[in-house]
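Colleague: Quick one: the structure is below, and I'll ask about it shortly.
The values are calculated or read from the model by the stated rules, or taken from the named source; none is laboratory data. Given the structure is predicted, the values throughout are model-derived calculations rather than measurements. Positions of Cβ are generated from backbone atoms using ideal geometry, with glycine treated the same way; all protein chains shown enter the neighbour counts.
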Amino acid sequence: MFRKVLVANRGEIAVRVIRALRELRIASVAVYSDADRGSLAVRMADEAVHIGPSPSSESYLNIHRILDAARRTGAEAIHPGYGFLSENEAFADACEQAGFVFIGPPAEAIRRLGSKTAARRLAKAAGAPIVPGVEEPVRSLGQARRVARATGYPVLLKAAAGGGGKGMRRVDREEDLEPSLRDAASEAARAFSSEEVYIEKLVPNPRHIEIQVLGDRYGNLIHLGERECSIQRRHQKVIEECPSPVMLEHPELRQKMGDAALRVARAAGYYNAGTCEFLVDAERNFYFLEMNTRLQVEHPVTELVTGYDLVHLQVRIAAGEALALTQADVRWRGWAIECRIYAEDPDQDFLPSPGKILGLSEPSGPGIRLDSGVYQGWVVPMDYDPLLAKLAAWAQDRPAAIQRLRRAIGECSIAGIRTNLGFFRRILADAEFQAGRLHTGFIDEFFARLGREEEDVELADLAAVLASIHASRHRAAPSQAAAADSRWRASGLLELMR
Amino acid sequence: MKRIIRLGARQGMLDLQNEQDQVRASIEWNGHPARGLSARCLEVEPGVYALLSGDRVFQARVTKSPAAWVVEIAGRQFHVECLDPREASANRRGFGSEGRQNITAPMPGKVVRVLVEEGATVEQGQGLVVVEAMKMQNEMKAPKSGKVIALAARAGSSVAAGQVLVTLE
């Protein structure tokens, strides 16, 4: 086993990995940018190395700096987390070249699966169903028109190297194709340094269900079942659960999808943890979308239901251990649901809301798991993804898990920045959600159905009273405070003085 | 004490007596009839209140934002501005003047694209400036039709939340 591992990431996932390393009695090395000097991950790690300024291109994406940090601290392996360099084959290669074990799949598997178009070809050849469309990136507007016409509108434009909805555009009519193509390509170029875009048929109101795959270096490959991740906004998941509500009535689907995922993983020569994403339509036809060659954000729900620690397993596999479990050992017990707490404002179209966390109450109690990367007083930087924490609840069945998660959300409070907690409170109370009728258009439909939440008059009265009492006790009202001690306040003052 | 309260679109007058944790208040929103309210407010941690309204328990937290007090109660967030009427009359300013309108950055970030030129006539809903923060791009749209009379946004420059990007008339 390793003695020391470097965590090439930040935020909640760096904390998650550091915790696992400590449990395995492995020393941890955090790396940090200027903005993250005081981050929770840096506070929790055994060692920490500064790797550059705040922009991720100069820090968390800087392969050279990260390898230097690993050399300097004598780390033996590098855990990339998710995002940043986690799916970068050049990084995986560079780690191994420099003598560090990359805790993830082989670089060759990342290369085979890294481009969505290549992954679709591979999946098709391996016998996994894929969404109708082209496996090749589009070369010209003319070709795009022909393909879109042949597939039939609406179509989706997707970044070949992409993920997380970046470089993705829905196109309903041919006249929208040209501008959408341009937007998608430039967004893809910015996000993934590749402007390759491909076209596929849009499956109406699909579920997004993914299969967790796990393999060792000796050809043992198993799946840990599915996660349902249909609740998305802007193609970014916000609520995930395990099992999928579909499996209640159609348990055979897990085996079918699991087999398809294993076929893809095997064809790619995959080992370590990975996830095959599928779209599932109303008739429960499923289509392979892509394989994420890393640990997923939402891995905790699988851990809660299967009882396995995916990060422990990742480290053990990377250290050369054989999988100690077989497919027959994997059991799914109870239900887990997770919500991703983002620094964003659901009332303003989910705009990011960076800034200082002035107050924080963390939920706890039976069946609750909080994977957080923040603390009271922490300034959420504007430079990175706005994920603050993941809150997950486990219970014996889905209704109980939902109620437990609602209870925990009620205990949770984050002040100073806007978060989407109130949004989860509403979604989890929704009858459609509780009935498990989920699809990727759920959030848009939800807002169209219910509109904004009505203001509670009694609470508004109490809020007015509390604000007045608090203001009189703490004298200076925010707008009258003399010292402009933050750019937030400075900009607020500017706003007021206009 | 008396306070002028602004909460979203509503404005009201609050008359409040506070003795230790016992609070009696009368609140009058935008000409609605005044309502009485009595509660016990105990500040259990700095900014955190254990509230009893009748026998009902509420947990609440009050924090500062640049322009208002943010009250979080029962999972809801309220942005409350409260002004002492004596001070308010001294520095009154007009709200919601419709003629000239500033389009401001809703979050700290970076201007990635400027889509209009100074002097241009724009339609309501037309994109003006694209601001990027936390890996997300946000297109600022014209809230009304009009003319761009000032253009402060420069592509590539950093902006603070609330900073004026475009002025329309």
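Colleague: Take the residues in segment A:210-259 that are crowded, with 23+ Cβ neighbours inside 10 Å and of a type in the set (S, T, N, Q); name whichever of them is farthest from A:ALA318 (Cα to Cα).
Modeller: Of everything passing the filter in segment A:210-259, A:SER230 is farthest from A:ALA318 (Cα to Cα).
Colleague: Exactly one condition in (1) modelled with pLDDT of 95 or more; (2) within 7 Å of chain B (Cβ to nearest Cβ) is not met by A:PRO478; state its number.
Modeller: Status for A:PRO478: all satisfied but (1).
Colleague: Do any residues in segment A:278-305 that are without any contact (Cβ under 8 Å) to a residue 40 or more places away in the chain have Cβ atoms under 7 Å from those of residues that are outside any helix (DSSP H, G or I), where the two are at least six apart or on different chains, and which pairs are they?
Modeller: From segment A:278-305, the pairs are A:ARG284/A:HIS250; A:GLU303/A:ASP309.
Colleague: Confirm whether A:GLU136 is out of contact with any Cys (no Cβ under 7 Å at 6 or more places or on another chain), among the acidic types (Asp, Glu) and at pLDDT 95 or above. Write out each step before concluding.
Modeller: Numbers: out of contact with any Cys (no Cβ under 7 Å at 6 or more places or on another chain): yes; among the acidic types (Asp, Glu): yes; at pLDDT 95 or above: no.
It is false that A:GLU136 is out of contact with any Cys (no Cβ under 7 Å at 6 or more places or on another chain), among the acidic types (Asp, Glu) and at pLDDT 95 or above.
Colleague: Now, a different point. In segment A:120-127, is there at least one residue being under 22 Å from A:ASP36 (Cα atoms) and part of a loop (DSSP other than H, G, I, E, B)?
Modeller: As a first pass, look at segment A:120-127 and keep what is under 22 Å from A:ASP36 (Cα atoms): none.
Within segment A:120-127 (the criterion being under 22 Å from A:ASP36 (Cα atoms) and part of a loop (DSSP other than H, G, I, E, B)), the answer is no, since none of the residues qualifies.
Colleague: When only residues in segment A:342-368 that are in a strand (DSSP E or B) and touching a helix residue (DSSP H, G or I) at 6+ places or on another chain (Cβ under 6 Å) count, which is surrounded by the most Cβ atoms within 10 Å (Cβ to Cβ)? Give the steps one after another, and end with the answer.
Modeller: Narrowing segment A:342-368 to residues in a strand (DSSP E or B): A:342, A:344-345, A:351-352, A:355-356, A:359-361, A:368.
Now restrict to residues that are touching a helix residue (DSSP H, G or I) at 6+ places or on another chain (Cβ under 6 Å): A:355, A:368.
Working: A:GLY355: 23, A:ILE368: 18.
That would be A:GLY355.
Colleague: Considering segment A:117-133 alone, what residues qualify as being touching a Lys or Arg at 6+ places or on another chain (Cβ under 6 Å), under 22 Å from A:ARG207 (Cα atoms) and either surrounded by fewer than 18 Cβ atoms within 10 Å (Cβ to Cβ) or modelled with pLDDT under 95 (or both)?
Modeller: A:GLY127, A:ILE130, A:VAL131, A:PRO132, A:GLY133
Colleague: Then there's this: Identify all residues within segment B:37-79 that are more than 8 Å from every other protein chain (Cβ to nearest Cβ) and either under 23 Å from B:ARG6 (Cα atoms) or of a type in the set (Gly, Ala, Ser) (or both); write none if there are none. Before you say what the answer is, go through the steps one by one.
Modeller: Looking only at segment B:37-79, we keep the residues that are more than 8 Å from every other protein chain (Cβ to nearest Cβ), and these are B:38, B:40, B:42, B:44-46, B:50, B:52, B:54-57, B:79.
Answer for segment B:37-79, where residues must be more than 8 Å from every other protein chain (Cβ to nearest Cβ) and either under 23 Å from B:ARG6 (Cα atoms) or of a type in the set (Gly, Ala, Ser) (or both): B:SER38, B:ARG40, B:ALA50, B:GLY54, B:HIS79.
Colleague: While we're here: For segment A:438-465, enumerate the residues that are more than 11 Å from every other protein chain (Cβ to nearest Cβ) and either without any contact (Cβ under 8 Å) to a residue 24 or more places away in the chain or part of a helix (DSSP H, G or I) (or both).
Modeller: Matches in segment A:438-465: A:PHE442, A:ILE443, A:ASP444, A:GLU445, A:PHE446, A:PHE447, A:ALA448, A:ARG449, A:LEU450, A:GLY451.
Colleague: May I pose another question? Return the residues of segment A:384-403 that are touching a Gly at 6+ places or on another chain (Cβ under 8 Å) and over 19 Å from A:GLY81 (Cα atoms); say none if nothing qualifies. Before you say what the answer is, go through the steps one by one.
Modeller: Going residue by residue through segment A:384-403, those that are touching a Gly at 6+ places or on another chain (Cβ under 8 Å) are A:384-385, A:387-389, A:393-398, A:401.
Listed by number, the residues that qualify are A:ALA393, A:TRP394, A:ALA395, A:GLN396, A:ASP397, A:ARG398, A:ALA401.
Colleague: Determine which single condition A:PRO204 fails, assuming it passes every other condition in (1) part of a loop (DSSP other than H, G, I, E, B); (2) surrounded by fewer than 23 Cβ atoms within 10 Å (Cβ to Cβ); (3) modelled with pLDDT of 95 or more.
Modeller: (3)
Colleague: What tally of residues in segment A:101-113 results from selecting those that are touching a residue at least 40 places away in the same chain (Cβ under 8 Å) and over 21 Å from A:LEU310 (Cβ atoms)?
Modeller: In the first step, residues of segment A:101-113 are kept if they are touching a residue at least 40 places away in the same chain (Cβ under 8 Å); the result is A:101-106, A:108-110, A:112-113.
Remaining after also requiring over 21 Å from A:LEU310 (Cβ atoms): A:108, A:112.
Qualifying residue count, segment A:101-113: 2.
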